[in-house]
1. With a 10 Å Cβ neighbour count serving as the proxy for reagent exposure, in which order, fewest first, do 210, 125, 51 appear?
2. If each DSSP helix of 4+ residues adds -39,500 (n - 2.57) and the sum is divided by the residues in the chain, what number results at 222 nm, nearest 500 deg cm²/dmol?
3. Given an 8 Å cut-off on Cα distances and at least 6 residues of separation, report the relative contact order of the chain as a percent.
4. Which ³J(HN,Hα) values in Hz, rounded to whole numbers, follow from the phi angles of segment 98-110 under the Karplus curve 6.51 cos²θ - 1.76 cosθ + 1.60, where θ = phi - 60° and Gly and Pro get x?
5. In terms of modelled amide H atoms, which long-range or inter-chain residues lie less than 5 Å from the amide H of residue 211?
6. Given H placed on each backbone N at 1.01 Å, which residues far from residue 302 in sequence or on other chains put an amide H within less than 5 Å of it?
7. Provide 16, 40 in ascending order of the number of other Cβ atoms located within 10 Å of each residue's Cβ, fewest first.
8. Per-residue HN-Hα couplings for segment 156-163, Karplus 6.51 cos²θ - 1.76 cosθ + 1.60 at θ = phi - 60°, whole Hz, x for Gly and Pro?
Amino acid sequence: MDRTSKNLGFCRQKATLTAARAYLHAWEEPCISGENGSGTVFFSGCNMRCVFCQNQEIASGDVAKEISSERLSEIFLELQEKKASNVNLVTPTHFVPLIIPAIESARDQGLVIPLVYNTSGYEKVDTLKALEGLIDIYLPDCKYYSDDIAERYSSARGYFDMSMAAIEEMIRQVGEPLFYPLMDSRKYNRCIEEADDDYSGPLMKSGVIVRHLMLPGCLEDSKKIIEKLLDSFGDKCYLSIMNQFTPHGDLSAFPELLKPVDPKDYEELIDFAIEKGIENGFFQGEGTDSESFIPAFDFSGL
């Protein structure tokens, strides 16, 4: 759809940049958040229709503040000044043509911390090719193997094949994961003053971390995803296998999602990943489904 004619796209946005918040976010993978947090920009709208979306307020397009590419560039630099570990672009796909000049301008003005592209994984390869040389870390989801599940929960038939092609392109661009040694991390982004009690390891410099959020009752689908990712990419990327699903929004038409993931299913999935030879991965402990990872979308930082 032509969004330049003031029509709303599938993403529920027009042709102008919109966002809901920019701040230091502490709840990404440890090597992304570091000690001070990831400099996260939450864009409004989304190219998917996930019925369980935790960021439904902004994904729906209802919470959105218009900003210019010039202002976005300034936000990147302000996050760096706040000692962010990186600049983290959340749900950026539908704004890529407007984000590219913002990145280029910020780099020209002294942006040196890594750029993270944080996405649902429902990406066209051509879109990703336009970002080559601008993104340091790709952080895609790989949500579904089954077309039926992808259609039911996200109106995204063909999701798995598209996400796998996208991940392959991401790895081609940025290569295997690279990390800054802790002391180099301090020098590089001026953010780590001393080792944090919870995480004292290095920050990621470049690479791909593929996230998979396990859903209730979908153990077999999750196993197929993990197996395919490991068979296809091995240790060329990290896998982040998450159990933090929390029922959110109106799920009356999806009663199977009105409960968290069964801990036994998650444990079985982790055991399966280990048996399949996973070496580079992040797992979650118990209780993450009761924690709030949802920030206040109040336009702060914009």
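1. Result, fewest neighbours first: 125, 51, 210.
2. -9500 deg cm²/dmol
3. Taking the mean separation of contacting Cα pairs over the length of the chain, I get 19 percent.
4. 8, 6, 4, x, 5, 5, 4, 5, 5, 4, 5, 9, x
5. Excluding prolines and chain starts, which carry no amide H, the hits are 141, 142, 240.
6. Correct list: 22.
7. Ascending Cβ contact count within 10 Å gives the list 16, 40.
8. 10, 4, x, 4, 4, 4, 5, 5
Where a number appears in this text, it was derived from the coordinates with a stated rule and is not lab data. Because the structure is predicted, anything quoted here is derived from the model rather than measured. Cβ coordinates were reconstructed from backbone atoms using ideal geometry, including for glycine residues, and neighbour counts include every protein chain displayed.
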